[in-house]
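Asks: Sharing a structure here in structure tokens format.
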Amino acid sequence: MPIVPFCELMAEAERGRYAVGYFESWNMGSLQAVADAAEAARSPVILGFSGIYLAHPERIVEERLSLYATLGTEACRQLSAPACLVFNESPCLDTVLEAIDLGFGLVMFADEELGLEDQVRSVREVVSKAHPASVAVEAELASLSGIDGELSTLPQDLRLTDPEAARAFVERTGIDALAVNVGQAHLHGRADVRLDLSRVAELKEAVEVPLVLHGASSVRLSELEESVRRGIRKVNVGSVLKQAYFEAVRDACAKVGRDFNPYKVVGSGSKDDVLTAGRVALQDKVEELMRLFGSAGKA
């Protein structure tokens, strides 16, 4: 079906009181696993890629955003479930602006080094280019702690989003979705986090645009479910997907004997393919989360 604009996805989620998941992909296999999950679960979905790692300075191999844009756009178009494509959470303003030109339906600029006024100016620049191109913009007042994976416990300062500050930020920037901090952090599954659910309700009352929850991999499943009931409409998931994928590949590799056929164990798509094991495990995890978010069956 045609790609569905992000704001339409969110409007349907609001009417149905469910959340649409953004399930981070990093290559063609992971993208296909998320797409297959959306088909199997009959769920709306947000496909996309990390703006942090595609252009990370520590990469030893170059990635071309244009290739990811083409791949992601085609994956969305081939789905029978409603879908759009996001370039998520990039600290590189030029790359975010490039993503708009490349056809991503949702973009997000986020630089934790910037103060509020500089952040507002940068986000407004993104909005000024994105909206004439029918591209939606997500932003946040403050980045979640631990985005580079260094945290193992919750920090003392959770940078909780203040409802009045959130309202002012949305009004000043003209964004289409707001990522909120309600007790979570990027702990990458190392801890079990509870949310300030009353704050979710307060933010829902204060802000007119859809609320987004980042860092979902470390949040209790019951808390995720309740946050959706209280107004979260988009949930970002990354680490728990990579964990499921890696563990399945690792276990599959451990079963491969010394006398193996390389054509079978890598790229065959058969039961002996270690990469297929990862893809299947990833799809299963995404389907599980779609049911939790209430989006399964809503396509």
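Asks: When the residues of the range 161-189 are filtered to those that are touching a strand residue (DSSP E or B) at 6+ places or on another chain (Cβ under 9 Å) and at pLDDT below 90, which remaining residue is surrounded by the most Cβ atoms within 10 Å (Cβ to Cβ)?
Replies: Gln184
Asks: Somewhere in the range 241-251, is a residue β-branched (Val, Ile, Thr) and in contact (Cβ under 8 Å) with a residue 40 or more places away in the chain?
Replies: no
Asks: Give the residues of the range 27-78 that are in contact (Cβ under 8 Å) with a residue 60 or more places away in the chain and more than 16 Å from the chain's Cα centre (by Cα), sorted by residue number.
Replies: Those that are in contact (Cβ under 8 Å) with a residue 60 or more places away in the chain and more than 16 Å from the chain's Cα centre (by Cα): Gly29, Asp36, Ala40, Ala41, Arg42, Arg77.
Asks: When the range 79-130 is examined, which residues are found to be part of a loop (DSSP other than H, G, I, E, B) and under 15 Å from the mean Cα position of the chain (by Cα)?
Replies: Result: Phe104, Gly105, Ala110.
Asks: Now, a different point. Just to be sure I understand, how many residues within the range 273-299 are in a helix (DSSP H, G or I), buried (at least 18 other Cβ atoms within 10 Å of the Cβ) and of a type in the set (Asp, Glu)?
Replies: Adding up the residues that qualify gives 1.
Asks: Further question on the same structure: Would you list the helices (runs of 4 or more DSSP H) that sit entirely within the range 1-78 and hold 2 or more residues that are loosely packed, with under 15 Cβ neighbours inside 10 Å?
Replies: Hits in the range 1-78: 6-16, 65-78.
Asks: Then there is this: Any idea which of (1) closer than 25 Å to Leu47 by Cα; (2) modelled with pLDDT under 95; (3) touching a Lys or Arg at 6+ places or on another chain (Cβ under 6 Å); (4) not small (Gly, Ala, Ser) is the one Asp192 doesn't satisfy?
Replies: (1)
Asks: Assess whether Ile46 counts as being under 17 Å from Ala299 (Cα atoms) and β-branched (Val, Ile, Thr).
Replies: It is true that Ile46 is under 17 Å from Ala299 (Cα atoms) and β-branched (Val, Ile, Thr).
The values are calculated or read from the model by the stated rules, or taken from the named source; none is laboratory data. Computed from a prediction, not measured in an experiment: that's the story for all the values here. Note that we place each Cβ from the backbone using ideal geometry, even for glycine, and neighbour counts take in every protein chain shown.
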